[in-house]
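The values are calculated or read from the model by the stated rules, or taken from the named source; none is laboratory data. Worth saying up front: this structure is predicted, and the values here are computed from it rather than measured. Cβ sites come from the backbone with ideal geometry, for glycine too, and all protein chains shown count toward neighbours. For the accessible areas, the whole protein counts, side chains as well, though only heavy atoms, and no ligand, DNA or RNA atoms are used. Shrake-Rupley method; radii C 1.70, N 1.55, O 1.52, S 1.80 Å.
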Amino acid sequence: MRVDTRSDSATRNPGPGQGVSRDGVVGEGGLQEAGPVAGAAAEVDAMPPLTPLTPAPLPEPPERASAAPIVEAEQSETGRALALVDFSPPSVTAGERLIRFAYRLGVPGSMLSTPVGKKARTRLLATVRNTVPGNAAAGTALRAGHFLVHGAKTPIAHVDFAGAARVTPPLERMVHAFAWLADLEACAPREQVAPVAERILAAWVQANPRPPAKPSKSGKGGPAWAIGNTGTRLMNWLVHAPLILSGEKAFRVRMLAHIAETARWLDRQVHHAEDPLGAVAGWCGLVAAGLLLPEGRPRRLYAEAGLMKALGELMGDDGGVLSRSPLAQMEAIALLVRLRNCYQATRRESTEAMEHVVEMLVPPLLALCHGDGSLGSWQGGWAIPAGAVEELVRASGVRTRPLRDVRQWGYQRVSAHKSILQFDTAPPPMPGDARYGCASTLAFEFSHANQRVIVNCGGAASAGGLVPARLDQGLRATAAHSTLTLDDANSTAILINGAIGQGVTAVDVDRKTLETESGSAATRLEASHNGYAQRYTLTHRRILILRDDGSELRGEDMLLPSGRKAKRGKVGFAIRFHLAPEVTVAPTEDGQGAALVLPDGSYWQFRSGAGTVEIEDSLWVDGQGRPQATHQIVIQGLASRGGGTFSWLLKKMA
């Protein structure tokens, strides 16, 4: 196990009540347990108060198998320090280790695989059956002459494949990673779509005839030869070879030579990846080339070891990627599933360690699924539809339940009858891990049955499609999430190009299962962050209590002095609750609440014990990456620099 050099505590497991630090440091103070009346259990205007909560034995939740039918109180293993998982290279013989070492030093694979003077003819050794389906609608658009990315159509003829005229990042990834090959394959039989694929490929190769001396990074030299795009492109060329190598012999020979040259270039440059996910994509492309190209055994042995190291730097030991992005989680799963398809095509078993990684990656993804199966909007992602998630999980072959032991992933999930609560209880990702890092600490999403109620705006990663590119930073801001903001400032600084600046460095988390005097149960989540401590000497603490019948969510947002002496004066605050587009909202006559009507006709009431409730316009990015107009409930006012408490209630009415 490799130790995180950022902290000596990286491999220790802190006790209950301790917190996770963004820098890998465990918070020492933790959270103090609230009394029966303190916190979100306080009575909110005109609404029936929750009976005082006291811990009591409860049956073990059905999702966790246990021999003991009763537990005293459920409390998560909170605040485990950030530590990167590290997987060893696959077990090989002494001879294979020598081959791997020699290939790493630059000895050509032909010299290590065949006798001197006998060079194998460049060809593909097998045809791969892809089990990760593409988007048929995007494939149909390609046949009509357009790239379709997040609802925006771009004529193929208008795309500069050389990258001199920059296009939006989503279109760049689609074009240069050749992700569109899966879309073409999904929309029609091969003989109908192969000519389209070959025309686009010919234009791309003409614009990019040879690899550059060095790989490009974001903003430097164009996207075509970024390691992530190159590795994904190489794998897609190999997986979808029948689409691009079914034409004339001259073109086929030229393309095979280009594929071999790309693999050789990637051998030398894969260590210069732009981020951990890009590194995984690069190594996956090399393993696929080692499997499917002649004389590939040395490359495969070399790349399998590199892939395991890259996966160790990509994900935490709970299976969540360190970028904390569901999009990155899905991309990592898709890469490994396609790589497994390459192993199967050559009648080889994929490595045991790689299969273990796939098994680890699926539960965190499921933890961010709402009742309808679609994903929550976190870290630049949007509400990816249930069908896409189901197809990917089915292709992975993993049957499991959502993640329960949350550590680096940082998202607490509470499933209560028909309601699901998702709560972000971790710092934003480190700058080196994030592509679209968001200042979403202590934001939450809430759904009932198959209907979203409280959401985050989401969709920063889709900016450049129908979502204007200029909204990128706004969608990553704290105000675009359902949480508290101070003085319209982000809890963590949002920088250009997806980078994250200073702000939240430590989050304390405490989770308990409680029982009321009437016998009903509830889950209590309490978390705090220090994102506003330096600027305003205030710590934001949030308590959420969800009844086990899913009918009532109580919340309390507290601002606590973080220094030894409270400062004088006041600072503006706003607590935002972004609503799903299908939710109809109207303010109550007393101005202290709002009435919510869900698509199924159920009636919910929102009440504030902290000030006037206002209804404002908002935006939500749907499952296709398209912006939808919606509303948000806002509680705002002035808070004392000495601290304050703001309670609220969301309750389903009979």
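Computed values, structure above
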{"read-out": "Listing of strands (runs of 3 or more DSSP E) fully contained in the stretch 356-472 that carry 1 or more residues being open to solvent by 10 Å² or more (accessible area, probe 1.4 Å) and either small (Gly, Ala, Ser) or under 29 Å from Ala152 (Cβ atoms) (or both)", "value": "411-416, 451-455"}
{"read-out": "Residue check, His578 within 23 Å of the chain's Cα centre (by Cα), assigned to a strand (DSSP E or B) and closer than 26 Å to Cys438 by Cβ", "value": "yes"}
{"read-out": "Filter result for Arg100 (at pLDDT 80 or above, over 30 Å from Ala461 (Cβ atoms), surrounded by 14 or more Cβ atoms within 10 Å (Cβ to Cβ) and in contact with a Phe, Trp or Tyr (Cβ under 7 Å, 6 or more places away or on another chain))", "value": "no"}
{"read-out": "Residues that are open to solvent by 20 Å² or more (accessible area, probe 1.4 Å), touching a Pro at 6+ places or on another chain (Cβ under 7 Å) and not in a loop (DSSP other than H, G, I, E, B), drawn from the stretch 582-619", "value": "Ile615, Leu619"}
{"read-out": "Gly247 being under 19 Å from Asn497 (Cβ atoms) and either in contact with a His (Cβ under 9 Å, 6 or more places away or on another chain) or outside any helix (DSSP H, G or I) (or both)", "value": "no"}
{"read-out": "Of residues in the stretch 125-156 being under 23 Å from Gly296 (Cα atoms) and either surrounded by 18 or more Cβ atoms within 10 Å (Cβ to Cβ) or in contact with a Ser or Thr (Cβ under 7 Å, 6 or more places away or on another chain) (or both), the one modelled with the lowest pLDDT", "value": "Leu125"}
{"read-out": "Tally, over the stretch 294-305, of residues that are open to solvent by 10 Å² or more (accessible area, probe 1.4 Å) and either under 16 Å from Pro276 (Cα atoms) or part of a loop (DSSP other than H, G, I, E, B) (or both)", "value": "4"}
{"read-out": "Single residue of the stretch 325-369 satisfying the filter (acidic (Asp, Glu) and free of Cβ contacts under 8 Å to residues at least 40 places away in the same chain) that is farthest from Val414 (Cα to Cα)", "value": "Glu349"}
{"read-out": "Qualifying positions in the stretch 488-534 - part of a strand (DSSP E or B) and β-branched (Val, Ile, Thr)", "value": "Ile494, Ile500, Val507, Val509, Thr513, Thr516, Thr523"}
{"read-out": "Subset tally (residues that are hydrophobic (A, V, I, L, M, F, W, C) and touching a strand residue (DSSP E or B) at 6+ places or on another chain (Cβ under 8 Å)) for the stretch 235-281", "value": "1"}
{"read-out": "Which numbered condition Arg166 misses (of (1) out of contact with any helix residue (DSSP H, G or I) (no Cβ under 7 Å at 6 or more places or on another chain); (2) surrounded by 14 or more Cβ atoms within 10 Å (Cβ to Cβ); (3) at negative phi)", "value": "(2)"}
{"read-out": "Residue check for Leu322: in contact (Cβ under 8 Å) with a residue 60 or more places away in the chain, over 22 Å from Ala126 (Cα atoms), within 15 Å of the chain's Cα centre (by Cα) and open to solvent by 30 Å² or more (accessible area, probe 1.4 Å)", "value": "no"}
{"read-out": "Failed condition for Asn497, given (1) surrounded by 20 or more Cβ atoms within 10 Å (Cβ to Cβ); (2) of a type outside the set (Lys, Arg); (3) at positive phi", "value": "(1)"}
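Let's see how each residue does on (1) over 17 Å from Gln632 (Cα atoms); (2) of a type in the set (A, V, I, L, M, F, W, C); (3) at pLDDT below 95; (4) over 19 Å from the mean Cα position of the chain (by Cα):
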{"residue": "Ala449", "(1), (2), (3), (4)": "yes, yes, yes, yes"}
{"residue": "Ala479", "(1), (2), (3), (4)": "no, yes, no, yes"}
{"residue": "Gly498", "(1), (2), (3), (4)": "yes, no, yes, no"}
{"residue": "Gln502", "(1), (2), (3), (4)": "yes, no, yes, yes"}
{"residue": "Ala506", "(1), (2), (3), (4)": "yes, yes, yes, yes"}
{"residue": "Thr513", "(1), (2), (3), (4)": "yes, no, yes, yes"}
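This table checks each residue for (1) over 27 Å from Ser396 (Cβ atoms); (2) of a type outside the set (Asp, Glu).
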position	(1), (2)
Leu105	yes, yes
Lys119	yes, yes
Leu124	no, yes
Val132	no, yes
Ala157	yes, yes
Pro169	no, yes
Ala177	no, yes
Glu191	yes, no
Ala202	yes, yes
